[in-house]
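Have a look at the structure below, then the notes.
The values are calculated or read from the model by the stated rules, or taken from the named source; none is laboratory data. Keep in mind it's a predicted model, so treat the numbers as computed, not measured. All Cβ positions, even for glycine, are placed from backbone atoms using ideal geometry, and neighbour counts span all protein chains on display. These accessible areas exclude ligands, DNA and RNA; they are computed on the full protein's heavy atoms, side chains included. Shrake-Rupley method; radii C 1.70, N 1.55, O 1.52, S 1.80 Å.
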Amino acid sequence: MDTQAKIELLKQDSFAFDVDLTLNELDWTRVLGPNGLGRQLLQKMATLGAESFQFGEIDHVENGTCEIFSFEVEGSRFELRLDYEQPITATLQTAVRQVLDGVNRALRRQTVPYRFVCVRDTCTGAGCTYRLMQLPTQWLREMEDALNIVAGLSLEDYEMQPPYGGRPQAGGGFIDAR
């Protein structure tokens, strides 16, 4: 399957959301609350991942200093903490990254071969459309080059993959094929 076909397949099972300007220009606090973007993203991740892995019910608690979202991945419980106190430079993109990183960390710990990413889809004068996608880990490198990914990728994901262009060698490890 070529890259464009993979992108079209990923777009079919994704969640698009619009924001007024760009994630970099919007207030971090829009991710908070029982109806905030954080909960929406978690619910969409649970829906998108339902056929690939077990993503349990999402619980939300406010404790005065932060909001804690808890959820299960493959039977293990994980928490995601969104602090109210943030640096003045914190944006909605900072918050989206924090949510995706928390879920992707849970997927990594449970060795689930998928990651969630946020892609900038389109931007016009009236705002931008972003897309939440679930990627198989073996597509990460290819999709990083093909899509405008703004959140969700981590170096740890690449450490789990063999070097790109490498081939196995006797006794373990990889040889760079370049």
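Could you tell me whether the stretch 119-130 includes any residue that is among the small types (G, A, S) and either in contact with a Gly (Cβ under 9 Å, 6 or more places away or on another chain) or modelled with pLDDT of 75 or more (or both)? Scanning the stretch 119-130 turns up at least one residue that is among the small types (G, A, S) and either in contact with a Gly (Cβ under 9 Å, 6 or more places away or on another chain) or modelled with pLDDT of 75 or more (or both). Every condition in (1) open to solvent by 80 Å² or more (accessible area, probe 1.4 Å); (2) closer than 30 Å to D145 by Cβ holds for G38 except the one numbered (1). Exactly one residue out of D59, D2, D27 is open to solvent by 40 Å² or more (accessible area, probe 1.4 Å) and touching a residue at least 60 places away in the same chain (Cβ under 8 Å): that is D27. Taken together, the criteria exclude D13 from residues that are over 16 Å from the mean Cα position of the chain (by Cα) and either β-branched (V, I, T) or farther than 20 Å from P87 by Cβ (or both). Looking at L9, is it aliphatic (A, V, I, L, M) and open to solvent by 20 Å² or more (accessible area, probe 1.4 Å)? Yes.
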